[in-house]
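Read through the structure below, which is laid out as structure tokens, and then see the notes.
The values are calculated or read from the model by the stated rules, or taken from the named source; none is laboratory data. No experiment lies behind these values; they were computed from the predicted model shown. Quick reminder, even Gly has a Cβ in these numbers, built from the backbone with ideal geometry, and neighbours come from all protein chains shown. Note: accessible area is taken over every heavy atom of the protein model, side chains too, but ligands, DNA and RNA are not part of it. Shrake-Rupley method; radii C 1.70, N 1.55, O 1.52, S 1.80 Å.
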Amino acid sequence: MLKDSIGKRSEKVRNTIERGAVRKFAEAIGDPAPIFIDEAAGAESVYKRNIAPPTFPVTFDAGVIPELDLPSKGLIHGEQIYTYVRPLLVGETVYCWMEVKDYYERSGKMGRMGFLVMTKYGENANGELLFTEERIVIISEAVRKGMGA
Amino acid sequence: MIGIKELRAGDSLPEVRLNPVTRLDLIKYAGASGDFNPIHTIDAEAEQAGLPGIIAHGMWTMGNLAKLFTPYLEQGFIREYAIRFRGMVFLGDVVTLKAVLKDLQDQELTFEVAAVNHDGQDVLKGSVVFSAELPDL
């Protein structure tokens, strides 16, 4: 039962924001701006270093939530929400984990749809929160039956 | 470029019209993001999933949309970025990125943002809260 997964969380995983990864990501979203990729521009900026684009946390490893066995196919991405305390800096280390925040079902045109709300958290080495990334995944009735849920 | 705090409610940031979406765009995003779901890159997999063809990663479009704010990142930062995925983006689609200032409170500017396809349909819709106060680092 997906409802039983609410509150389950992964172990923290250490991620380093690599310059090359930020450059590739910025290019892939068509935004290779100096503030993200040019070292001199970063040093002269108000942040004194390069920063990462706001959706860069999709690349972070946040571990595995135990007993949450989602299928690799048939999931629909419904919503994505970021909150930041400050921009993430190139070169810094971020500790990430994930939690199932909620699960609910609603009836619609395509049957009874499941909504799984998962939040990724990123902290610095002192355990201070830097960002959250919430993802709402929609799971159709057919896909849930395939999972035995 | 103007100071972002000079904007008033109802003002828009300059729109950006993306080039038609190519398979290479999505292959690059798959590699850069680590999202290798094959419905974004391989025709047969997309068809098997009941789609008429491969579709862009929602996060590719969301990543693109944020660039409207990149020119202002020396004046502040994105505190909140919330998107609802409303429609699919296919190969060849031409997507336009938009942001309109809805509310200006003290140091926080709230924008309504959208990515619109060439048929005028919103494929992404949401909001950005831009803090015009620089953070403590």
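Just a few scattered comments:
- Listed by position, the strands (runs of 3 or more DSSP E) contained in region B:68-137 that have at least 1 residues being in contact with a Gly (Cβ under 9 Å, 6 or more places away or on another chain) and at the interface with chain A (Cβ under 10 Å from one of its Cβ atoms) are B:77-85, B:122-131.
- Applying a threshold of 7 Å to beta carbon distances and a minimum spacing of six or more residues, or different chains, the list of pairs starting in region A:1-22 at a residue that is over 18 Å from A:D61 (Cβ atoms) and ending at one that is charged (D, E, K, R) and part of a strand (DSSP E or B) reads A:I6/A:D102.
- Among the residues listed as A:I65, A:I81, the single one being within 9 Å of another protein chain (Cβ to nearest Cβ), farther than 30 Å from A:A43 by Cβ and of a type in the set (A, V, I, L, M, F, W, C): A:I81
- Of all residues in region A:79-108 being of a type outside the set (K, R) and in a loop (DSSP other than H, G, I, E, B), the one that is most open to solvent (accessible area, probe 1.4 Å): A:V85
- Considering residues of region A:33-49 that are part of a loop (DSSP other than H, G, I, E, B) and facing another protein chain (nearest Cβ under 10 Å) only, the residue surrounded by the most Cβ atoms within 10 Å (Cβ to Cβ): A:Y47
- Residue in region A:68-79 that is modelled with pLDDT of 95 or more and basic (K, R) present: no
- For region A:60-68, the criterion of being in contact (Cβ under 8 Å) with a residue 40 or more places away in the chain, touching a strand residue (DSSP E or B) at 6+ places or on another chain (Cβ under 8 Å) and among the aromatic types (F, W, Y) is met by at least one residue.
- Just one of (1) surrounded by 18 or more Cβ atoms within 10 Å (Cβ to Cβ); (2) assigned to a loop (DSSP other than H, G, I, E, B) fails for B:G10. It is (1).
- In region B:31-52, of all residues being assigned to a loop (DSSP other than H, G, I, E, B) and of a type in the set (A, V, I, L, M, F, W, C), the one that is nearest to A:P57 (Cα to Cα) corresponds to B:F36.
- The sole residue among B:Y29, B:Y72 that is among the hydroxyl-bearing types (S, T, Y) and open to solvent by less than 10 Å² (accessible area, probe 1.4 Å) is B:Y29.
- Among the residues making up region A:50-78, none is charged (D, E, K, R) and buried (at least 18 other Cβ atoms within 10 Å of the Cβ).
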